[in-house]
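To start, the structure under review is shown below, and the notes come after it.
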């Protein structure tokens, strides 16, 4: 492990966990052992530095903001399923964010809500590696089976379940 300013870089434990294909539990243990101590040192540094900086300056605002969410930041070491960043989510919504101005004028609130639902389903299909058209045909052919049978769960029709059930995967 490489040392940076007396601390092991938290990037390397994540890379190591990915390379070694660690389970969620093993990843959490690695984070507890290597990353959490760095977070504790970081908190001490913020507490030490905050009185020395201008509260309305950039560093003061950054430290103040970080203090406000620090308890949330430190949670990631407890569960190996948590990601260290939100890059996957950011990359998934980027196409929607780029076209947001085009979608401002849906006509009314109901149309905007329907569009949001469809974009979410597009994203789910893409993330699951499922062809949207194939899934939609499957969904429309099966959704009415759930109309009167309340013991069934509509989540069974979601794209990732369609992929597992049918094995149909297309190139995206």
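The values are calculated or read from the model by the stated rules, or taken from the named source; none is laboratory data. Please read these numbers as outputs of a predicted model, since none were measured by experiment. Note: ideal-geometry Cβ built from the backbone for every residue, glycine included; neighbour counts use all protein chains shown.
Against the conditions (1) at pLDDT 90 or above; (2) surrounded by 15 or more Cβ atoms within 10 Å (Cβ to Cβ); (3) under 19 Å from the mean Cα position of the chain (by Cα), residue 14 satisfies every one except (1). Exactly one residue among 92, 62 is closer than 26 Å to residue 15 by Cβ and modelled with pLDDT under 80, and that residue is 92. Remark: residue 54 falls outside the filter, which requires a residue to be assigned to a helix (DSSP H, G or I), in the same structural domain as residue 13 (by TED's automatic domain parsing) and free of Cβ contacts under 8 Å to residues at least 40 places away in the same chain. Confirm whether residue 49 is within 19 Å of residue 13 (Cβ to Cβ), surrounded by 12 or more Cβ atoms within 10 Å (Cβ to Cβ) and out of contact with any strand residue (DSSP E or B) (no Cβ under 9 Å at 6 or more places or on another chain). So residue 49 does not fit the description; no.
This table checks each residue for (1) assigned by TED's automatic domain parsing to the domain that holds residue 158; (2) within 25 Å of residue 160 (Cα to Cα); (3) without any contact (Cβ under 8 Å) to a residue 60 or more places away in the chain.
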| position | (1), (2), (3) |
| --- | --- |
| 21 | no, yes, yes |
| 31 | no, no, yes |
| 36 | no, no, yes |
| 40 | no, no, yes |
| 65 | no, no, yes |
| 69 | no, no, yes |
| 91 | yes, yes, yes |
| 120 | yes, yes, yes |
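Here is a check on your reading of the model: is residue 119 surrounded by 12 or more Cβ atoms within 10 Å (Cβ to Cβ), modelled with pLDDT under 85 and not in a loop (DSSP other than H, G, I, E, B)? Here the answer is yes, as residue 119 does meet what is asked. Which of the residues spanning region 57-81 are surrounded by 14 or more Cβ atoms within 10 Å (Cβ to Cβ) and in a loop (DSSP other than H, G, I, E, B)? Passing the criteria: only 80.
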